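The values are calculated or read from the model by the stated rules, or taken from the named source; none is laboratory data. Not measured: the values here are computed from a predicted model. Cβ: placed from backbone, ideal geometry, glycine included. Neighbour counts: every protein chain shown. In case anyone asks, the SASA skips ligands and DNA or RNA and just uses the protein heavy atoms, side chains included. Shrake-Rupley method; radii C 1.70, N 1.55, O 1.52, S 1.80 Å.
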Amino acid sequence: MSYVRTIIQASIPIEERSDLQLPLHIMKSLDIPSDIFITVCFGVSKAQAKVSGVDQDTCVTMCPSLVRALHIPTGTKFLMRYDSQQQTLYFGPYLGILLTSYQQDHKQEPFGSLSSFINEVVDTFKQKGGFACIFSIDDVDWENKTVSAFVRQKNIWKKTTLPLPHSIYNRLSSRQREQSEKVVDFVERCKILRIPFFNERFLNKWQVHKALRNDVAVSTYLPKTMLFGPNGELSTMLQTHRIVYAKPANGSLGRGIFRLIKANGEYGVRFVSKEKVISLRQKSLYSLQKFLRKRSKGKSYVLQQGLHLIGIDSNPTDFRVLVQKNNRGIWATTSIVARTGQNSIVSNVARGGSIMSAKQALRVCGPWKRNKRPSIHKLKRVALLIAERLEYALQGEFAEFGIDLGIDTNGNVWLLEVNSKPSKSITSLRLRENETSPRQARPSVRHLVSYTAFLNGFTQPIFQTTPQKKKNR
């Protein structure tokens with residue numbers, strides 16, 4: 001559906017008895033009749049308004065009472081579309097970003113490590129048309145269907161009352177908070193109001209494995225995985241695999257991972273504690289089981305087949321592929337980078353690892369037992385397939401996955417982990433593709449804005465794609 005860009009101003013329309021005044025060229029472009037009553041929407045807010053046209057103006061003029069009824073911010077560039085069948089005019093896209101908390105006293109950067117990312121989102125909407133606000137669960141007023149949210153005004157973040165957004169991007173950082181009764185109720189209310197809420201929840205490693213293990217399209221990429229328990233799972237895994245990793249089912253950033261090695265009738269354990277790699281010996285399977293029980297502190301753990309991954313100086317390398325839904329609501333790859341750990345246990349940048357381009361990693365990492373190296377195209381294709389199949393198998397709404405892939409020394413591709421809340425910290429900016437300016441929004445921001453526009457009914461691309469020149473081969 002076609003749209004136009006416009007800026008809203010609040011004043012008394014020139015035309016008497018008119019609530020909403022539109023430039024005539026906009027009315028013609030969107031096929032909006034003059035002097036009729038239509039429904040005007042912003043977020044979940046709706047209001048009836050009589051519309052008229054004016055020849056000279058370039059902005060949309062709303063009477064103050066209509067502005068107040070919609071809680072719509074004036075002076076903002078919006079996209080505007082009209083549904084002739086429903087006689088409804090929509091302003092958007094309008095995205096709400098849900099956070100666990102914020103620092104209200106920090107007027108310029110109240111959102112911690114997400115501040116840079118959120119500023120890019122706001123800047124991109126400002127440039128292309130649309131609006132983003134930031135809020136927490138406690139800011140919502142369900143009775144009035146409004147939210148007391150942060151908006152940026154002249155580089156200062158201030159709170160204002162807005163309608164509930166048309167779509168919500170879940171960036172809650174706490175699993176405990178996300179599983180609280182208040183958040184569960186919030187998600188259910190969003191579904192009742194038909195507010196798209198993505199990415200709906202954190203993923204659990206065991207749940208992801210169960211969702212994919214019987215899918216013939218992707219099961220070949222899954223390492224052997226079992227849920228750690230009292231029924232001999234540890235014994236079974238170590239009888240089949242010399243190296244086994246014990247990972248928290250709900251873990252992230254490489255925390256709490258143990259590397260288990262069976263050798264000479266004993267069991268070696270390696271893990272990171274206070275940024276140091278600790279190596280221990282357990283003389284029996286019983287003592288190893290007891291050790292893991294104590295260290296897991298009652299948390300759910302999975303046991304995963306150890307893989308001989310390519311890397312540098314015995315430090316493993318994995319490939320983080322960011323996949324997102326695009327302006328048509330279809331999964332697409334946004335970026336791919338390689339991450340090499342500083343120890344033989346994890347490759348997470350947050351645990352001291354480093355990043356490089358995927359192309360460079362495939363060239364410098366090793367060893368390779370065969371001359372069979374997967375291409376970057378294959379890595380992206382596998383990640384896309386995993387995203388599609390996982391979304392099909394899981395309940396909930398998702399629009400973004402960070403998919404970690406490993407490559408073993410035989411050139412086989414393996415799924416290591418899927419993250420529904422991929423990092424947006426400044427470290428992820430080091431390898432922006434096609435970066436021309438420090439202020440240019442990263443690709444993940446542009447895709448998020450495009451997908452938000454799609455959810456708001458603006459189906460035509462809001463970013464112009466430039467044809468790529470063919471490279472000489």
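Dipole of the stretch 122-213 computed with +1 at Lys/Arg Cβ and -1 at Asp/Glu Cβ about the Cα centre; of W157, F135, N204, farthest Cα towards the positive end is N204.
For the stretch 357-412 and the stretch 218-271, what is the separation of their C-alpha centers, rounded to whole Å? Centre-to-centre distance over Cα atoms comes out at 21 Å.
Of the peptides 182-190, 69-77, the order by per-residue mean of other Cβ atoms within 10 Å, starting with the highest, comes out as 69-77, 182-190. Backbone amide hydrogens, once placed in the peptide plane, bring E397 within less than 5 Å of E200, excluding anything fewer than 5 places away on its chain. Average accessible surface for the stretch 94-198: 47 Å² per residue, computed with a 1.4 Å probe over protein heavy atoms with every protein chain in place. In sequence order, the stretch 358-374 has phi-based couplings of 4, 4, 5, 4, 5, 7, 9, 7, x, x, 10, 7, 10, 8, 9, 9, x Hz under the Karplus curve 6.51 cos²θ - 1.76 cosθ + 1.60, θ = phi - 60°, and Gly or Pro positions carry x.
In the chain, carbon and sulfur make up what percent of the accessible area (probe 1.4 Å)?
Carbon and sulfur together cover 46 percent of it.
For K50, the lysines whose Cα falls under 28 Å of its own Cα, not counting residues fewer than eight places away in the same chain, are K28, K77, K126, K128, K145. Remark: the stretch 306-316, residue by residue, has Karplus-estimated 3J(HN,Hα) of x, 10, 8, 7, 5, x, 10, 6, 6, 9, x Hz, where x stands for each Gly or Pro and the curve is 6.51 cos²θ - 1.76 cosθ + 1.60 at θ = phi - 60°. Whole-Hz Karplus values for the stretch 214-225 come out as 9, 8, 4, 6, 10, 4, 5, 8, 9, x, 4, 9 Hz, taken residue by residue from phi with 6.51 cos²θ - 1.76 cosθ + 1.60 and θ = phi - 60°; glycine and proline positions read x.
For the residue pairs K372/K424; K276/K297; K158/K205; K191/K299; K107/K205; K205/K274, the C-alpha atoms sit more than 27 angstrom apart in K372/K424; K158/K205; K191/K299; K107/K205. For K283, list the aspartates and glutamates whose Cα falls under 12 Å from its own Cα; do not include residues on the same chain fewer than 8 positions away. Filter leaves E266.
Residues whose amide H lies under 5 Å from that of K224, counting only those 5 or more places away or on a different chain, are Q305; hydrogens are built 1.01 Å from N in the peptide plane. For the stretch 2-92, a Kirkwood hydrodynamic radius built from all Cα pairs, placed in the Stokes-Einstein relation at 10 °C and 1.306 mPa s, yields a translational diffusion coefficient of 125 µm²/s. Between the labelled values (i) 22.3; (ii) 23.1; (iii) 24.7, the entry that holds Kirkwood radius over Cα pairs in Å as derived from this structure is (iii).
Averaged per residue, the stretch 2-92 has 48 square angstrom of accessible surface, using a 1.4 angstrom probe with ligands and nucleic acids left out. For the chain, the longest principal axis of the alpha carbon atoms and the long axis of helix 376-393 meet at an angle near 70°.
Placing +1 on the Cβ of every Lys and Arg and -1 on the Cβ of every Asp and Glu, with nothing else charged, gives the chain a dipole about its Cα centre of roughly 2720 debye.
Positive end of the dipole of the stretch 2-92 (Cβ unit charges, origin at the Cα centre): among I32, A69, A49, the Cα lying farthest that way belongs to A69. Of all aspartates and glutamates in the structure, not one has an alpha carbon short of 15 Å from that of K294, not counting any fewer than 8 places away in one chain. The simple Förster model, with R0 at 35 Å and r as the Cβ-Cβ distance, assigns E275 and Q360 a FRET efficiency of 0.85.
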